[in-house]
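The values are calculated or read from the model by the stated rules, or taken from the named source; none is laboratory data. A quick note: this is a predicted structure, and the numbers were derived from the prediction, not measured. Cβ: placed from backbone, ideal geometry, glycine included. Neighbour counts: every protein chain shown. Keep in mind that these areas ignore ligands, DNA and RNA; they rest on the heavy atoms of the full protein, side chains included. Shrake-Rupley method; radii C 1.70, N 1.55, O 1.52, S 1.80 Å.
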Amino acid sequence: MTAPGKFFLPPYVPTGSGGILGDEYGHGDAVAVSALGDSSVGPFPGVYGTPNKFDGLAFNAQLIMQDIGYFVDSVSLPSDWITELFVRAYNEGARIQNSSWGHGNQYNNPFDGTYSFRTQLIDRFLKDPQYYDSVQVFAFGNLGGDNNIPPPSVPYRPNTLSDEAHAKNAISVGGDRNGAQRNVMYTYSSRGPTNDGIQIGRVKPDLVSVGSTITKGDSFANN
């Protein structure tokens, strides 16, 4: 779905990560084409570089792909992940970075899904004048509902955003439904407010976007 020349650099595994280069789950491809996919279908079939409804939101942008996935639905972070992911991407030319991973609060563990040391590292990086124009975007997480109960009976679970999505200086993004239900949160999207160790947390997510009933590209369909 992406045209030649999309990459700043070839995709790579950051130093210190146990990642395996490739998209074992199809998630990376789906996120990439949602952001900057350039489709040849539409009103001008066979022509890349022409906007149509199947393109990503910034289809003329370029991409740096860092692979930290080492098997299905798991990540392997470098020990110094701020340097290897954020600083390295910045030095390679990226100013907007999307991270669809995080340490969630799946079992209501009070030490997970909080404003933790991980969150503080993100905020510290984004306050550094050297990286003033860096924008870090984190997915909110997939722990907002009971996955075993079909909608509309799914009870939502508050305070389920990841550590990383708690960051005050980053943009945290959740998912909503499509069409007539566009004002309803997507079942699995994590929910706020933040869990900062006080009674009333901050409002999160910062943004929501459609997370269900969408057309996407992936590595399996090769589209």
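Just give me the residues in the range 148-164 being modelled with pLDDT of 75 or more and in a loop (DSSP other than H, G, I, E, B), in sequence order.
157, 158, 159, 160, 161, 162, 163
Looking only at residues of the range 23-38 that are in contact with a strand residue (DSSP E or B) (Cβ under 8 Å, 6 or more places away or on another chain) and outside any helix (DSSP H, G or I), we find that the one that is most open to solvent (accessible area, probe 1.4 Å) is 25.
Residue count for the range 83-118 under the criterion of being at pLDDT below 95, of a type in the set (Phe, Trp, Tyr) and over 14 Å from residue 140 (Cα atoms): the result is 3.
Give the residues of the range 35-53 that are closer than 27 Å to residue 89 by Cβ and either of a type in the set (Phe, Trp, Tyr) or at pLDDT below 85 (or both), sorted by residue number.
First pass over the range 35-53, keeping only residues closer than 27 Å to residue 89 by Cβ: 35-39, 48-49, 51.
Across the range 35-53, the qualifying residues are 37, 38, 39, 48, 49, 51.
Candidates are the residues of the range 165-209 that are β-branched (Val, Ile, Thr), without any contact (Cβ under 8 Å) to a residue 40 or more places away in the chain and assigned to a loop (DSSP other than H, G, I, E, B); the one that is surrounded by the most Cβ atoms within 10 Å (Cβ to Cβ) is 184.
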